[in-house]
Amino acid sequence: MISLAGRDILHAWGKFIFTGVGLGLLIGVTLTMAGVYRGMVDDGKVLLDNSGADLWVVQKDTLGPYAESSSMPDDLWRSIRTMPGVAEAANVTYLTMQVARQSNAGDQDVRAMVVGITAGEAGAPGWPPQLVAGRQITRGHYEAVADIATGFQLDDVLKIRRNHYTVVGLTRRMVSSSGDPMVFIPLKDAQEAQFLKDNDAILMQRRRTEANPAFNRPGVPGLLDAVITSQTGNSSVNAVLVRIQPEFSQEEVAEPIRRWKRLTVYDRAQMESILVGKLIATSAKQIGMFLVILALVSAAIVAFIIYTLTMDKIREIAVLKLIGTRNRAIAGMILQQALVLGVIGFVVGKISATFAAPLFPKYVLLTPVDSVFGFFAVLAICVLSSIVAIRMALKVDPAEAIGG
Amino acid sequence: MAGKGIHIEGLSKRYGEGDTAVLALKDVNMHVAPGEVVGLIGPSGSGKSTLLKCLGAVIDPTAGRMVLGDEVIFDDAWKVRDLRALRRDKIGFVFQAPYLIPFLDVTDNVALLPMLAGMPNNEARTRALELLTALDVQHRAKAMPSQLSGGEQQRVAIARGLVNRPPVILADEPTAPLDSARAMAVIRILNDMAQRFQTAVIVVTHDEKIIPTFKRIYHIRDGITHEEAGEGRSFD
């Protein structure tokens, strides 16, 4: 038996290809939206992976340092380091801000997450685990390692708050949970960037403190200077990253820190659930809604196209029924055409999404699982969409082929 | 006795029930022998199309008896279970417009019916080509319907009606869209094929050009058929 659907498609191939391409672009948008969501999740996981930590110690009762602000003294890491099972502990600060590159052509700023890392050796918690160009930070001040997504290059001079930094290394896929590329600078510089006020604010704060009789007592020399020093100094960090010894479980190390240091400690799974379940939950729902709408629009378009194609063949269907074609052959013809349209659409959509993904400013992750799921979803949509046309075709009276 | 061909006795068809019922066919009696071509004529609304749909097993007659070949197919109720197979295997249709399937080439338009009946594709195409040759359109075997002239399309439609070698062919105004010469050619072909395949052919027509060619004519008026002898003129 010849394939009626195949012959019809070959006969009107231009119409099918053109329609399939249109549908494919819609499917491409759907796949890209799914890729945007996967990219957000992956950004979160990459952030955790690249931090090199097993535990995140943050301010008590906060979801810091990524989902909420967390501030804690920068000397706590010493006592945490002495807790049982702790192999390494390092302070870290995170601050998302505009980072400007200074050049002859003028300043160009980029949204970036500035990460303050503890002076030490590469491989310590918080440090970028690998570079694609240049070297790691070796000086205590004014050097930076930037993700290539910032567009910065080696030897570029960056301006962060009041200080200038030279880019000495470049890394890749070091991004915040919201996809902003990272710029690593020494911790002390990062603390200044995060907590240090400008000169005018410092001057006014000093005046205010001098005018306060509680701090400026004639009988207590040195009090005013001590207070001013404490006000202008910055000794806070956002978190302490902890790497544990292999023979300890995460909970065995986390529990004593919670209990004795009065801090909140998250392990990898908890931090992942915070990032995915809380930080990007609203965005994920937003994207999910878009996916649902796009799926419905795709279904409506496929249904409309198949319905129109079937309407164009009403007389032929009546003739086919009159000369003895079984209903299942006619239904099969319509179903196969819907599926072919879906396959053409999916192929076009997959190709367009693959080529379009790198053009997006944020990471778009097209996973094979999503593609397979998308393929079967498209086929399911096509099957459902063809039901209306099939029902209409099966209702066609073969008597319509006979005049009168 | 019915013998071969098609035999109809007391066929009636009522639409609706009660006060709104319309008796479209009241008492139809016909017999068309194998190899014979008869005309079925009548004014609009006389019941021609209803009779054609009853004969074509597309609608259910209300009462009567129909014998196709040696088989009683209707006797106040359908005696065959699969009307679709009955239409496919025992009845050939030729329509006013050819209604060829636009996405199949000429050969496959004709070969589709035997394929639907389960015949292997090659065998079905061979049979189709034989018919196309008999109808002198074998040179257009690979053409698409849209590439054919009106006369060629109608010949292909006749080939499709004959391909399963049905005992009866129902032709609904087959010459309506054609000029005199082509109309006569189609009637000649139907007669030739009826003779060659011993098929009974019923031609429903209004076409004054071809009515004189029939040897027998059934007039239908108000749902009742009346038989009369035709002129049986030559087709030239």
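Residues of region A:1-22 losing 30 Å² or more of accessible area relative to the isolated chain, 1.4 Å probe, heavy atoms only?
Relative to the lone chain, where solvent access is computed with a 1.4 Å probe, region A:1-22 loses at least 30 Å² at A:M1, A:I2, A:L4, A:R7, A:H11.
Give the angle, between 0 and 90 degrees and rounded to the nearest 10, that separates the Cα long axis of helix A:223-232 from the longest principal axis of the Cα atoms of chain A.
Taking the Cα atoms of chain A, the angle to A:223-232 is about 20 degrees.
Around B:G230, which amide H atoms from residues at least 5 apart in sequence, or from another chain, sit under 5 Å from its own amide H, with H modelled in the peptide plane?
Residues meeting the amide H criterion: B:R216, B:I217.
If Rh is defined by the Kirkwood formula over all Cα pairs and Rg also comes from Cα, what ratio Rg/Rh do you get for region A:74-174?
On the Cα set of region A:74-174, Rg over Rh gives 1.02.
Any chance you could give the angle, 0 to 90 degrees and rounded to 10, that helix A:13-51 forms with the longest Cα principal axis of chain A?
Compared with the principal axis, the helix lies near 20 degrees.
Cα centroid distance between region A:31-61 and region A:277-351, in Å?
36 Å
Where the only charges are on Cβ atoms (+1 Lys, Arg; -1 Asp, Glu), what is the dipole of region B:1-122 about its Cα centre, to the nearest 20 debye?
Value, rounded to 20: 80 debye.
In what sequence, highest mean first, do A:12-22, B:22-32 appear when ranked by Cβ atoms within 10 angstrom?
B:22-32, A:12-22
Averaging sequence separations of C-alpha pairs under 8 Å and six or more residues apart, then dividing by the length of chain A, give the relative contact order as a whole percent.
28 percent
Could you work out the mean count of beta carbons from other protein chains within 10 Å of each residue's beta carbon in B:88-97?
3
Calculate how steeply helix B:106-116 sits against the longest principal axis of the alpha-carbon atoms of chain B, using the helix alpha-carbon long axis, and give the answer as 0 to 90 degrees to the nearest 10.
50 degrees
Over chain A, average the accessible area per residue using a 1.4 Å probe and give it in Å², no decimals.
48 Å²
Could you work out, residue by residue across B:44-56, how many beta carbons of other chains sit within 10 Å of that residue's beta carbon, and then give the average as an integer?
Partner Cβ neighbours, averaged per residue: 2.
Ratio of alpha-carbon Rg to the 2.2 N^0.38 Å globular estimate for region A:152-254, to two decimals, please.
For region A:152-254, the normalised Cα radius of gyration comes out at 1.59.
Any chance you could run the full-extension gain for A:M289 through A:T82? It's 0.36 nm times the residue separation minus the Cα-Cα distance, nm to one decimal.
Answer, rounded to one decimal: 69.7 nm.
If one computes P(r) from the Cα atoms of chain B, what percent of pairs lie at distances over 21 Å?
55 percent
For region A:11-32, list residues with backbone N below 12 Å from a point placed 7 Å from the Cα of A:F355 toward its Cβ?
Hits in region A:11-32 for A:F355 at 12 Å: A:25.
Using unit Cβ charges (K, R positive; D, E negative) and no other charged atoms, how large, in debye to the nearest 20, is the dipole of the protein assembly as shown about its Cα centre?
For the protein assembly as shown, the charge dipole is close to 180 debye.
When Cβ neighbours within 10 Å are restricted to other protein chains, what is their mean count per residue of peptide B:120-126?
Counting Cβ atoms of other protein chains within 10 Å of each residue's Cβ and averaging gives 1.
Give the Kirkwood hydrodynamic radius (Å, one decimal) of region B:1-132, defined as one over the mean of 1/r across all pairs of different Cα atoms.
One over the average 1/r among Cα pairs gives 16.7 Å for region B:1-132.
Sequence neighbours fewer than 8 away in the same chain don't count; with that in mind, list the lysines whose C-alpha is under 20 Å from A:K159.
Those lysines meeting the cut-off are A:K188, A:K197.
State log₁₀ I(q)/I(0) for region B:137-184 at q = 0.17, 0.23, 0.26 Å⁻¹ as given by the Debye formula over alpha-carbon point scatterers of equal weight, solvent excluded.
Computed log10 I(q)/I(0) values: -0.56, -0.93, -1.07.
With r as the distance between the Cβ atoms of B:E123 and A:D312 and R0 = 35 Å, compute the FRET efficiency 1/(1 + (r/R0)^6) and round to 0.05.
FRET efficiency, A:D312 to B:E123: 0.65.
Given the peptides A:360-372, B:159-171, B:36-48, arrange them by the average over their residues of other C-beta atoms within 10 Å, most packed first.
Per-residue mean Cβ counts within 10 Å order the peptides as B:159-171, B:36-48, A:360-372.
What are the trypsin sites (Lys or Arg not before Pro) within region A:89-137 that DSSP puts in a loop, where the Cβ has at most 11 other Cβ atoms within 10 Å?
Those that pass, being in a loop and sparsely packed, number zero.
Which order do the peptides A:291-303, A:146-158, B:106-118 take when ranked by the mean count of other beta-carbon atoms within 10 Å per residue, highest first?
Peptide ranking by packing, descending: B:106-118, A:146-158, A:291-303.
Rounded to whole Å and sorted largest first, list the principal axis extents of the Cα atoms in the protein assembly as shown.
142, 56, 51
Summing -39500 (n - 2.57) over the DSSP H runs of n ≥ 4 in the protein assembly as shown and dividing by its residue number, what mean residue ellipticity at 222 nm do you reach, to the nearest 500 deg cm²/dmol?
Using -39500 (n - 2.57) per qualifying helix, the result is -14000 deg cm²/dmol.
Return the value, in Å² to the nearest 100, of accessible area buried between chains B and A (probe 1.4 Å, both sides summed).
That pair of chains buries around 2600 Å² in total.
Counting only residues 5 or more places away or on other chains, whose amide H sits under 5 Å from the amide H of A:A133 once H atoms are built in the peptide plane?
Placed amide hydrogens put A:L170 under 5 Å from A:A133.
Would you mind giving the average projected area, over all directions, of the Cα convex hull of region A:124-211 in nm² with one decimal?
7.1 nm²
How large is ³J(HN,Hα) for each residue in region A:151-156, as worked out from phi by the Karplus curve 6.51 cos²θ - 1.76 cosθ + 1.60 (θ = phi - 60°), to whole Hz, x for Gly and Pro?
x, 6, 10, 4, 6, 5
How large is ³J(HN,Hα), in whole Hz, for each residue of region A:384-398 in order, when computed from phi with the Karplus curve 6.51 cos²θ - 1.76 cosθ + 1.60 and θ = phi - 60°, using x for Gly and Pro?
5, 5, 7, 4, 4, 5, 5, 4, 5, 5, 6, 7, 4, 7, x
How far, in nm, would the chain grow between A:K188 and A:R259 when pulled straight, counting 0.36 nm per residue and subtracting the alpha carbon separation?
So the extension gain works out to 22.7 nm.
If R₀ is 41 angstrom, what is the calculated FRET efficiency for the pair B:W78 and A:V347, using the beta carbon separation as r and rounding to 0.05?
The computed FRET efficiency comes out at 0.30.
Would you kindly state how much longer the chain becomes between A:L10 and A:D49 on full extension, computed as 0.36 nm times their sequence separation minus their alpha carbon distance, in nm to one decimal?
This chain segment gains 8.9 nm when fully extended.
Once amide H atoms are placed 1.01 Å from N in the peptide plane, what residues at a sequence separation of 5 or more from A:V237, or on another chain, have their amide H within under 5 Å of its amide H?
The list, which skips near neighbours in sequence, is A:M72, A:D74.
The values are calculated or read from the model by the stated rules, or taken from the named source; none is laboratory data. Just so it is clear, the structure is predicted and the values come from calculations on it, not from any experiment. So basically every Cβ, Gly included, is an ideal-geometry build from the backbone, and we count neighbours across all protein chains shown. Side chains are part of the model used for accessible areas, which takes the heavy atoms of the whole protein and leaves out ligands, DNA and RNA. Shrake-Rupley method; radii C 1.70, N 1.55, O 1.52, S 1.80 Å.
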